[in-house]
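Heads up: the structure comes next, in structure tokens.
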Amino acid sequence: MITVRDLHESDIPWILDYWFRSPREQIESMGVDWAKFPEEAVMRQNLLEKCHSNQALYQSKLNALIVERDGIPVGFHTLFPYIEQDFGIFHAHLFRPGDRRQGISSRSYPLACRVFMERFELKRILFKTPSQNRGAIRVKEKLGIRHIGEESIGFGIIREGTSAQVFELARHELDALFITKD
């Protein structure tokens, strides 16, 4: 069973291993600009602060969700950047290459989108997927998320000028993601 839940402090090693111990070419293939990438200690501290500050809130405001398969972390989804009551940009990562092409993302995307839409009262979610990431593009196509164009991106840790396929999911389209598509 695939589920999503808030990031916990105990998940931080999974995320750090993904970013810092995956093959460098795997991370670079996503369009990552290492010059924009934080040091591991900085990322660890940022994630810890995010977890700790969220614990004090009445309702979670985390923009990071862990994907679990049968109770074991297998990946994560983030929403960054985002503007509450408007839109956010969705990101998806699976920790191990062997977990790709297993249908995990086609089940976790809808779950995470629902959490993010409700949590941040979003009107829409955008997916700006580097054009070379065919697997991630196929997930959006399989789910029926609307392709709205192509653009050059460079936000966050992404290399300036990275070509991306842009998809959009409006709030009223969310329930359609839960209809099984074979």
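Where a number appears in this text, it was derived from the coordinates with a stated rule and is not lab data. Being a predicted model, the structure only gives us computed values, none of them experimental. Here Cβ is always computed from backbone atoms with ideal geometry, including for glycine, and neighbour counts include all displayed protein chains.
Under conditions of 37 °C and 0.692 mPa s, the chain yields 196 µm² s⁻¹ as its translational diffusion coefficient, taking Rh as the Kirkwood radius over Cα pairs in the Stokes-Einstein equation.
The mean sequence separation of alpha-carbon pairs under 8 Å and at least six residues apart, normalised by the residue count of the chain, gives a relative contact order of 22 percent.
Which residues does the label zone of A35 cover in region 131-159, counting backbone N under 18 Å from a point 7 Å along Cα→Cβ? Hits in region 131-159 for A35 at 18 Å: 153-159. Calculated mean residue ellipticity, 222 nm, the chain: -9500 deg cm²/dmol, from DSSP H runs (n ≥ 4) at -39500 (n - 2.57) each, averaged per residue and rounded to 500.
Note on region 71-177: Kirkwood radius taken over Cα pairs, Stokes-Einstein applied at 4 °C and 1.567 mPa s, translational D equal to 92 µm² s⁻¹.
Applying the criteria of a DSSP loop state and at most 14 other Cβ atoms within 10 Å to the GluC sites (Glu not before Pro) of region 27-112 yields E39, E84.
Expressed to the nearest 5 percent, the antiparallel share of DSSP beta bridges inside region 2-178 is 90 percent.
By how many nm would the segment from E118 to W19 grow when fully extended, if each residue of separation counts as 0.36 nm and the alpha-carbon distance is taken off?
Additional length available on full extension: 32.8 nm.
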